[in-house]
Amino acid sequence: QVQLVESGGGSVQAGGSLRLSCAASGSTYSIRSMGWFRQAPGKEREGVAVINGYQMSRSRYRDSVEGRFTISKDGATNTLYLDMNNLEVADTAMYYCATSTRGDSWLAAEFIYWGRGTQVTVSS
């Protein structure tokens, strides 16, 4: 079992920045993919950024955030980060950290363990 705890969310003005963190514990040896997902009220959950592949060296981003967001991982502490820059109102959502035992995961359905989320609110 993997436990995930997100932190770093908050309220910012458009154009601002936030850094989200996800601390993983438990059976972290089984993790092959880690990612960030988000869900706004009345909207479907969507992938934001995922690291997967060999040693989770590959990064994949949603088109609307690529170039603004950066996903990274500290392997020593099993902490996942999402650096968000030039935030837009459309980025407002609850952000969730998730892990998969597959090395090629991107879709939310492929991720097994989820954190409880951290809220990001961007105002104009």
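Things worth noting here:
- Filter pass, ALA109 being touching a residue at least 24 places away in the same chain (Cβ under 8 Å), more than 12 Å from the chain's Cα centre (by Cα) and assigned to a helix (DSSP H, G or I): no
- Positions within the stretch 1-60 being of a type in the set (S, T, N, Q) and within 17 Å of SER72 (Cβ to Cβ), in sequence order: SER7, SER17, SER21, THR28, SER33, ASN52, GLN55, SER57, SER59
- Note on the stretch 43-72: among residues that are of a type in the set (Ser, Thr, Tyr) and farther than 18 Å from TYR95 by Cβ, the one that is nearest to the chain's Cα centre (by Cα) is SER57.
- Among (1) at positive phi; (2) open to solvent by less than 40 Å² (accessible area, probe 1.4 Å), the one test that GLN55 misses: (2)
- Those residues of the stretch 102-124 which are crowded, with 16+ Cβ neighbours inside 10 Å and touching a helix residue (DSSP H, G or I) at 6+ places or on another chain (Cβ under 7 Å), in sequence order: VAL120, VAL122
- In the set (1) within 12 Å of the chain's Cα centre (by Cα); (2) open to solvent by less than 60 Å² (accessible area, probe 1.4 Å); (3) in contact (Cβ under 8 Å) with a residue 40 or more places away in the chain, LEU18 fails one condition alone, (1).
- THR92 vs. criteria among the hydroxyl-bearing types (Ser, Thr, Tyr), under 22 Å from GLY10 (Cβ atoms), surrounded by 15 or more Cβ atoms within 10 Å (Cβ to Cβ) and within 12 Å of the chain's Cα centre (by Cα): no
- Of everything in the stretch 78-89 that is within 29 Å of GLN13 (Cβ to Cβ) and part of a loop (DSSP other than H, G, I, E, B), the residue that is least open to solvent (accessible area, probe 1.4 Å) is LEU87.
- For the stretch 29-51, residues that are of a type outside the set (A, V, I, L, M, F, W, C) and surrounded by 13 or more Cβ atoms within 10 Å (Cβ to Cβ) total 9.
- Only one of GLY47, GLY103, GLY75, GLY67 that is over 18 Å from GLY9 (Cβ atoms) and either touching a His at 6+ places or on another chain (Cβ under 8 Å) or at pLDDT 95 or above (or both): GLY67
The values are calculated or read from the model by the stated rules, or taken from the named source; none is laboratory data. As the structure is a prediction and not an experimental result, all values here were calculated from the model. When we count neighbours, we look across all protein chains shown, and the Cβ atoms used for this are built from the backbone with ideal geometry, even at glycine. Heads up: the accessible areas ignore ligands, DNA and RNA and are worked out on the full protein's heavy atoms, side chains in. Shrake-Rupley method; radii C 1.70, N 1.55, O 1.52, S 1.80 Å.
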